[in-house]
1. Compare the peptides 117-129, 139-151 by average per-residue count of other Cβ atoms within 10 angstrom and give them in order, highest first.
2. Taking amide H positions as placed 1.01 Å from N in the peptide plane, with prolines and chain starts having none, which residues 5 or more places from residue 130, or on another chain, fall under 5 Å of its amide H?
3. May I have the pair-distance distribution P(r) for region 72-125, computed from all Cα-Cα distances with 10 Å bins from 0 and rounded to whole percent?
4. Would you work out the Kirkwood radius for region 2-189? I mean one over the mean of 1/r across all pairs of different Cα atoms, in Å.
5. Please give the Cα centre distance for region 87-124 versus region 135-170, rounded to the nearest Å.
6. Counting alpha carbon pairs within less than 8 Å and at least 6 residues apart, what relative contact order, in whole percent, applies to region 130-190?
7. At residue 99 and residue 158, where each label point lies 7 Å from the Cα along Cα→Cβ, what is the point-to-point distance in nanometres?
8. Please enumerate, by chain and number, the lysines with C-alpha under 27 Å from the C-alpha of residue 164, excluding those fewer than 8 residues away in the same chain.
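Please treat every number below as a calculation from the coordinates, not as lab data. The model shown is predicted, which means the values in this text are computed figures rather than measured ones. Note that we place each Cβ from the backbone using ideal geometry, even for glycine, and neighbour counts take in every protein chain shown.
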Amino acid sequence: MKELQDRILKDGVAMNEDILKVDSFINHQVDPELMLHIGQEFAAHFKDQGITKIATIESSGIAPALMTAQCMGLPLIILKKQPSKVLNDNLYQTEVTSFTKGTSYELTLSSKFISENDHVLIIDDFLANGEAATGAMRLLRKAHATIAGIGILIEKSFQPGHEKLISQGLDVYSLARIGHMEAGRIEFIE
Ligand code: G4P
């Protein structure tokens, strides 16, 4: 998606060979117009596939996932990183480890919002090692829901996530694929 790639080149900051800072338009301050266009792009790519719900992992995936849900006329489920302190009945849970952040969390979803009749599109901001997407799929499959595909804003194609998901036959649609990065330089691949 040219608009996202141009924005990454303009406002993204490659900190080193691994980490891209996008906190001025995705992670911290959010550009709603860009998020709307991203939602439209995902809606066009994943249309007519019988998708019943959009899912994302809190927190940076919420803005683009909500716009996608709006464009497709579907509900958004936010997979929580810890169980709710007030509502903890009938939860599906699975542990996810983030290599980038060196942390683990208990991905959580109430059984009220998912069933075997659901065909789910997962949206997230970054694809690095694929652990978040894999954990989200594991959680949704605990409810016997099926996975329609995965929509990613920024894929770091030099990390193993893309290959890991593609090798399972999944439809992974990444709007910006970074083939190489170093401080001050970002290169995309098609
Ligand atoms: P994986 O899910 O693909 O395996 O990736 P990994 O666990 O290694 O990292 C996931 C977390 O790290 C996500 O944040 C993701 O947004 C963030 N991340 C990964 N690479 C980058 C990067 O190059 N730049 C930035 N800014 N973030 C990166 P999270 O823990 O889910 O937190 P949140 O931001 O969604 O709250």
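1. Ranking, from highest mean packing down: 117-129, 139-151.
2. Under 5 Å from the amide H of residue 130 lie the amide H atoms of 161, each far enough along the sequence or on another chain.
3. Each 10 Å bin holds this share of Cα pairs: 19, 48, 29, 4.
4. 16.7 Å
5. Centre-to-centre distance over Cα atoms comes out at 13 Å.
6. That works out to 31 percent.
7. 1.4 nm
8. The reachable lysines, counting only those whose Cα sits under 27 Å from residue 164, are 2, 21, 47, 53, 80, 81, 101, 142, 156.
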